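The values are calculated or read from the model by the stated rules, or taken from the named source; none is laboratory data. As the structure is a computational prediction, the values presented were derived from the model and not from experiment. Counting neighbours? That spans all protein chains shown, and the Cβs are built from the backbone with ideal geometry, glycine included. SASA here: full protein model, heavy atoms, side chains in, ligands and nucleic acids out. Shrake-Rupley method; radii C 1.70, N 1.55, O 1.52, S 1.80 Å.
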Amino acid sequence: MIQSLLTRDVRKVPDRVRFTGRVLLLTEDPALLHRQLAGEDLPFDPSAPVGSPTHPKLRDNISTDEITPAYICYYFDDTLGQFPYLGLKAGEEFPLVRGSVRAGGFVASVAGTRRGKGSSREASPYAEMHAGIRIVIAESIERIYRENCQNLGVFTSTDFSLIQRIRDGEEIALEELTRGEGGISRGIVEYGGLFNYNVARLQGKVEVPVVTTPERPMTIAEKIFARHWVLDAAKEKVGIPAVQPGDQGFVRTDIRFSHEYVTPMAAIFFEELVGKNEPVNDPGSVFFFRDHLTFLSQVMRPEHVEMGLLDVANQLEAKQRIFAGEKGIKLYGELNRLNLHGALSAQGSEAICHSKILEAHAEPGQIIIGSDSHTPHAGAVGCIAFGVGTTAIFNSWITKDVRVEVPPTFRVTLRGEKPRNVTAKDFMLEILRHPYIKGGSAIGQIIEYAGGAVASLSVDERATMTNMAAEVGAFTGIIAPDEKTVEYLVGQRGITPEAARALCKGLYSDDGATYVEEIEIDAASIRPMIALPGDPGNGIYIDEMERDVKIDIAYAGSCTAGKKDDMDMYAKVFSEALDRGEKVAEGVRCFIQCGSQEVFAYCRAQGYDEVFAAVGATLIEPSCGACINAGPGISRTREEVTISAINRNFPGRSGPGQLYLASPYTVAASAIAGRIVAWDADARQLAHA
Ligand code: SF4
């Protein structure tokens, strides 16, 4: 317990709020955005037909990549306020420029469905807040983004009638802005953010509602929540018999991790709000990663270097490293090796955070939080792993717990036997285009994967599915542990099978557990897929493509597709190509990037490095790299076409070009063909799309 917090003066915000400023409608039509930036307030009548003059079509699916593109997140202080919406695409334009929001005097920002999807970066609402935005209104709002707003003290609402009332200068009761929120979320809003709320909680000023759910059949996720439920933070009392969806409280975490994009901002919050010399609670269960920007210097555009962005980005690495040293926290950093000239230079990261957490730390039944939306990756071994924002991570360094509202679970059962050229990535692209997910119903829910086709997958492949729970918009993804999990833990951690089985004990969904939705898919009916540029939900079967798509770049890497099994798939397709006397097609640049040094060593041990070199692919040491637009493999022009095994293809994600998502097999086969093709597992040759 940090004693100084117990005497800190914390108060609720006033119970009526007036928003003084303009309302920015984030419209699909760029001309309407330009008119607003020029000073015009557009009429908005939510009851009028969408697309009519008084109800312009609002942008759906605004991702955090669009609110604050990756390069903007090199800033980690209030400078961010100059940059919100720089990546926002309207038509073919990016109408918002540096300073637009502040100059326009906007206080509210309005959008359509799935506002704030994608990465968990709190830099997005933080940038909006420092640009003057105090309330975000949207048809639906993604969980992490909404929580990040609340944690920072930015209001959120799905009530479009507020627009006119804000314009009229009306006072709005705080109660209207917390309606429908559970007790804890309401408390956080009432205290103006998570830190103040937690201080009030530690001081006993707020009471966390007691969960009294009687014993009931539970899903595996609910069981894990119940085991970790905080009854009394001061007395370390943890665990209750049962929970049900909607229960709110705090859960004790087993692992907390963050990477260089988030740690520095969280460290500043900690130093400013808690105290520079105060200790982090249980630093042995905290991990930091230098993974996102290791190769940035190789690809940053000269004009961005001119702007000083490389220096700013390098400060992220330094701030995290220094804070880790001061607080005794394990940092998986970057590796320096001697270059050809005998000088030390960065040669990649030790690991991408999700890769290392799964390889070395995650255990069945744990609760893991990470500063990244793909934290569900670790759910592949049957734990609850979910992404949180900067403020939640920083608060967990104080309390070791994190707030949750138990989400409903939906189950996706994949039956039957998949074709040999179909992978977990194809499963996910199929799932992502299902109406339940595309329509936004799955947002904030837990996706439990089950069925014979899932059971037959390796843990690496399962991780592709839990990783992409982020693209589903789910709270997390989970797969109940089984003998494959036991084998994985024995192989990776060097523990005995008995010890591994003990970790898995009781971790299954009970008969009679409640699912909010059940989806069944016949794995045998799935064929190799791609997601068309713009959204991972744009999946189609490759054999349904209407035209040949020539490619310029094939990128095979990231946390999703930089695992050992992924390397096996790339190597298999490339070895077959070499047997046929083929190489990466002329004009195509092909990159293979490992998720960790362990995977890199595996490639060398298997001789894959030689296969990749022989076929004409470049093997790169671990880092997020091109996946976050920060390494070899990014596109440089809008016309360039990339086929990539990463998990998301939101506009601008990996450069300005057109980004198609596909499985490791498809990426490798397409690199050889020079156009998008599926790998034909049976014919040992390329199948025409
Ligand atoms: S590899 Fe890509 S998706 Fe994975 S953590 Fe890094 S940036 Fe995020």
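Some notes on this structure:
- For residue 382, residues with placed amide H under 5 Å, excluding near neighbours: 479
- C-alpha center-to-center spacing [region 7-72, region 172-251] in angstrom: 30
- The heavy atoms of residue 321 offer some 110 square angstrom of accessible surface to a 1.4 angstrom probe.
- Mean Cβ count within 10 Å, highest first, over the residues of peptides 234-247, 579-592, 648-661: 648-661, 579-592, 234-247
- Long-range amide H partners of residue 22 with built H, under 5 Å: 106, 107, 108
- Helical segments meeting 24 Å axial Cα length and Kyte-Doolittle 0.5 threshold in the chain (DSSP H): none
- Here region 1-158 was treated as a single set of alpha-carbon atoms; its pair distances binned every 5 Å from 0 give 2, 9, 18, 22, 20, 14, 7, 4, 2, 1, 1, 0 percent.
- Burial order of peptide ranges 368-379, 513-524, 435-446 (average beta-carbon count within 10 Å, highest first): 368-379, 435-446, 513-524
- Under-5 Å amide H pairs with residue 474, H placed in peptide plane, nonlocal only: 444
- Packing, as the average of other Cβ atoms within 10 Å across residues, places the peptides 357-367, 297-307 in the order 357-367, 297-307, highest first.
- When you filter the GluC sites (Glu not before Pro) in region 417-498 for DSSP loop state and at most 14 other Cβ atoms inside 10 Å of their Cβ, you are left with 417.
- Expected 222 nm ellipticity per residue - DSSP helices of 4 or more, -39500 (n - 2.57), all of the chain, to 500: -8500 deg cm²/dmol
- Most simply put, the chain has about 35% antiparallel DSSP beta bridges, counting only bridges with both residues inside it.
- With every protein chain in place, the chain: carbon and sulfur % of accessible area (1.4 Å): 49
- Alpha carbon centroid spacing (whole Å) that separates region 288-321 from region 133-148: 29
- Accessible surface, the chain, averaged per residue in Å² (probe 1.4 Å): 36
- Rounded, prolate or oblate (a/c below 1.5 giving rounded, otherwise prolate when a/b exceeds b/c) for region 561-636 by Cα gyration tensor: oblate
- Alpha-carbon gyration tensor eigenvalues x 5, square-rooted, for the chain, Å: 37, 30, 26
- When the P(r) of region 571-689 is calculated, the portion above 25 Å amounts to 20% of the C-alpha pairs.
- Reachable aspartates and glutamates from residue 223, criterion Cα separation under 16 angstrom, eight or more residues apart if same chain: 215, 247, 254, 363, 405, 448, 510, 511
- Region 341-500: equivalent-ellipsoid semi-axes (sqrt of 5 x gyration tensor eigenvalues, Cα, Å): 25, 22, 18
- Accessible surface ranking that places the most exposed of 177, 32 first, with a 1.4 angstrom probe: 32, 177
- Calculated SAXS-style log₁₀ I(q)/I(0) at q = 0.18, 0.20, 0.30 Å⁻¹ - region 493-548, Debye, Cα scatterers: -0.82, -0.85, -1.22
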